[in-house]
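*Asks:* Take this structure, written in structure tokens, and hold onto it; I'll ask about it next.
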Amino acid sequence: MSDLRLDGFLPYRLSIASNRVSDAVATTYSSLFGLRIPEWRLIAVLAEGDGLSQQALGRKTRMDKVTVSRAAIALAGRGLIVRESDAKDKRAARLSLSEAGRALYEQVAPKALAMEQSLFAQFSADELTAFRDMLDRVEAA
């Protein structure tokens, strides 16, 4: 019999913590803005660097192409993003925020930052720096 105890297994604990945070975020974004997490991720990434392909969005958000596609379709349907032909590859489309998408981002971003602040308020600046460094190392592993 192995010594594995799920409550002490770090990958499990990381997954549970991530799910709890994602659930809280999803509830807030859905109730306030009618956004699912994948849709918010696309909006946030497009706000950082407009004019990305769906493939590039998938790489940046770590979401699979079906999830990216569904989120893009939903956002386009709401007039929050626009699709334009890629000048270099006519088969591909570049997505960018519409004016309405940019305005929505300007409403959501402060709430996202406030949620982050509230969630990590009990941690010192040094602890947060160390936590970010550890997350970087876990992601790189």
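*Asks:* Tally up the carbon and sulfur contribution to the accessible surface of the chain as a whole percent, 1.4 Å probe, everything protein left in place. Walk me through the numbers before you get to the answer.
*Replies:* Details: 5320 of 10020 Å².
Ligands and nucleic acids excluded, carbon and sulfur reach 53 percent.
*Asks:* Can you give me the relative contact order of segment 1-85 as a percent, contacts being Cα pairs under 8 Å and 6 or more apart? Mind showing how you got there, number by number?
*Replies:* Details: 42 pairs, mean separation 15.7, N = 85.
It rounds to 18 percent for segment 1-85.
*Asks:* Assuming a ≥ b ≥ c are the square roots of the Cα gyration tensor eigenvalues, decide whether segment 47-102 counts as rounded (a/c under 1.5), prolate (otherwise, with a/b larger than b/c) or oblate.
*Replies:* Details: a/c = 1.42, a/b = 1.08, b/c = 1.32.
Note, shape of segment 47-102 comes out rounded.
*Asks:* Further question on the same structure: On a 0 to 90 degree scale, rounded to 10, what angle separates helix 125-140 from the longest Cα axis of the chain?
*Replies:* Orientation of helix 125-140: about 70 degrees from the principal axis.
*Asks:* Another question, then. Taking the 0 to 90 degree range and rounding to the nearest ten, how far is the long axis of helix 65-77 tilted relative to the main principal axis of the chain, both from C-alpha atoms?
*Replies:* 50 degrees
*Asks:* Got a sec to turn the phi values of segment 96-103 into Karplus ³J(HN,Hα) couplings, 6.51 cos²θ - 1.76 cosθ + 1.60 with θ = phi - 60°, whole Hz, x for Gly and Pro?
*Replies:* Calculated HN-Hα couplings, in order: 8, 6, 7, 4, 5, x, 5, 5 Hz.
*Asks:* Moving on. Can you list the equivalent-ellipsoid semi-axes of segment 5-75, largest first and in whole Å, using the square root of 5 times each Cα gyration tensor eigenvalue?
*Replies:* On the way: eigenvalues 136, 50, 19 Å².
Working from the Cα gyration tensor, I get semi-axes of 26, 16, 10 Å.
The values are calculated or read from the model by the stated rules, or taken from the named source; none is laboratory data. Keep in mind that what you see is a predicted model, and the values were worked out from it rather than measured. Note: areas computed on protein heavy atoms with side chains; ligands, DNA, RNA excluded. Shrake-Rupley method; radii C 1.70, N 1.55, O 1.52, S 1.80 Å.
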